[in-house]
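S.K.: The structure follows.
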Amino acid sequence: MTNRRDFLRTSSLILAGGLMGNQMLHASVADNGKKAIGLQLYSLRDAMKVDVLGTLKQVADMGYTTLEAANYGDGKIYGMTPADFKKAIKDMGMKMTSAHLGGPNYTKETHNQAMDWWKKALEDHLEVGVKFMVKPGMPTLKTLDELKVWCDFYNSIGELTTASKVQFGYHNHSHEFEKTEGEIIYDFMIKNTDPKKVFFEMDVYWVMRGGYKAVDYMNKYPDRFPVLHIKDEKEIGESGQLDFKSIYETAYKNGLKDSFVEVERYNFDPIVSVKKSYDFLNAAPYVK
Ligand code: MG
């Protein structure tokens, strides 16, 4: 027999269930609808030194879904085992798709030791499930012969990683747009690396600082830039010097796979700058 008290309780349960259902539905739509905006964690390098998990939680709360790490040593990522790091960010709704890895200094004579380092790095990063492993920079070399040695080295690393379905890439600053023996270093690197083994993670800001336009490079070598660093003088969009609309449109046309916001200098607390950068891209109709 249903008395009034039971009826009210049942009604409120149905109501609560209905509300919860709507909220869950809404949340899942929001999750699915999130833009694929990644973050290079170098942007929060100081906060990551103080509180890894707390900082990552703030990143997740901003809306970022993918991460590129910049701290690998002794088999650990930000001091955590690759498996623990993967689980921690998965629980926050994020995944790590890329890593910046300096690796040991390279000479032809130490090739085997260098490759051993990259083999171990690959094993560790396979545990996290990355798609990309990226060398963040290299010394300026005096001759094209020396540069060719490094290009061959990059082909070797790329051959190693692609066998495990991880792509190896090189990230530029501005010095790659200087000339060595009459050749632009960046172009020489693009031409002397195997497109099946080496991609280029183009930092669009540093291309500009080097005196060139990211979009021109994307049009010239459409299959070499599957991953971008979205960077500006400070917060994304702040300087007005970069045409992010044409950068994204060209990148999508060429089959962009991932992109990472990078903030290196700040008008605000780095956390605020990183949030403002997300908000700028999230509000931009040309960012998918
Ligand atoms: Mg960068």
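The values are calculated or read from the model by the stated rules, or taken from the named source; none is laboratory data. Everything quoted here is computed from the prediction, not taken from an experiment. Here the Cβ is made from the backbone with ideal geometry for all residues, glycine too, and neighbour counts use every protein chain on show. To get the accessible areas, we keep the full protein, side chains included, count just its heavy atoms, and leave off ligands, DNA and RNA. Shrake-Rupley method; radii C 1.70, N 1.55, O 1.52, S 1.80 Å.
S.K.: Taking θ as phi - 60°, what are the ³J(HN,Hα) couplings along region 258-267 by the Karplus curve (6.51, -1.76, 1.60), each to the nearest whole Hz, with x for Gly and Pro?
M.R.: Result, rounded to whole Hz: 7, 8, 10, 5, 9, 10, 10, 10, 9, 8.
S.K.: In this model, which of LYS142/LYS245; LYS119/LYS220; LYS197/LYS220 are farther than 27 Å apart at the alpha-carbon?
M.R.: Going by Cα-Cα distance, LYS142/LYS245; LYS119/LYS220 fall outside the 27 Å limit.
S.K.: Hydropathy first: keep DSSP H helices in the chain averaging at least -0.5 on Kyte-Doolittle, then drop any whose Cα extent along the axis falls short of 27 Å, and list what survives.
M.R.: 4-33
S.K.: Just report the Cα centroid separation between region 194-222 and region 229-258, whole Å.
M.R.: 12 Å
S.K.: Okay, next question. Which of the listed residues, GLY158, HIS175, ALA114, is farthest toward the dipole's positive end in region 105-237, when Lys, Arg count +1 and Asp, Glu count -1 at the beta-carbon?
M.R.: In region 105-237, that residue is GLY158.
S.K.: Of the beta bridges DSSP finds with both residues in the chain, what % are antiparallel, to the nearest 5?
M.R.: Beta bridges within the chain, antiparallel portion: roughly 15 percent.
S.K.: Still on this structure, please answer the following. Size of the dipole of the chain about the Cα centre, Lys and Arg at +1 and Asp and Glu at -1 on the beta carbon, nothing else charged, in debye to 20?
M.R.: Result for the chain is approximately 1080 debye, rounded to the nearest 20.
S.K.: Now for a separate question. How far apart, in nm, are two points set 7 Å out from the Cα along the Cα-to-Cβ line at VAL272 and at LEU144?
M.R.: Going by the 7 Å Cα→Cβ label model, 5.0 nm.
S.K.: Based on alpha-carbon centroids, what's the gap between region 141-164 and region 271-288 in Å, whole number please?
M.R.: Spelled out, the Cα-based centre of one part sits 35 Å from the other.
S.K.: Ignoring ligands, DNA and RNA, what percent of the 1.4 Å accessible area of the chain is carbon and sulfur?
M.R.: Carbon and sulfur atoms account for 53 percent of the accessible area of the chain.
S.K.: Counting other C-beta atoms within 10 Å, and keeping those with at most 13, which DSSP coil trypsin sites (Lys or Arg not before Pro) do you find in region 133-198?
M.R.: LYS142, LYS165, LYS196
S.K.: Can you show me the helix-derived [θ] at 222 nm for the chain, built from DSSP H runs with n ≥ 4 at -39,500 (n - 2.57) apiece and divided by the number of residues, rounded to the nearest 500.
M.R.: Taken over the chain, the calculation gives -15000 deg cm²/dmol.
S.K.: Can I ask one more? Counting only heavy atoms of protein chains, what accessible area per residue, in Å², does region 27-283 have with a probe of 1.4 Å?
M.R.: 45 Å²
S.K.: Another question, if that's okay. May I ask for the net charge around ARG209, where only other residues with Cβ less than 12 Å from the Cβ of ARG209 are counted and Lys, Arg are +1 while Asp, Glu are -1?
M.R.: With Lys, Arg at +1 and Asp, Glu at -1, the neighbours total -4.
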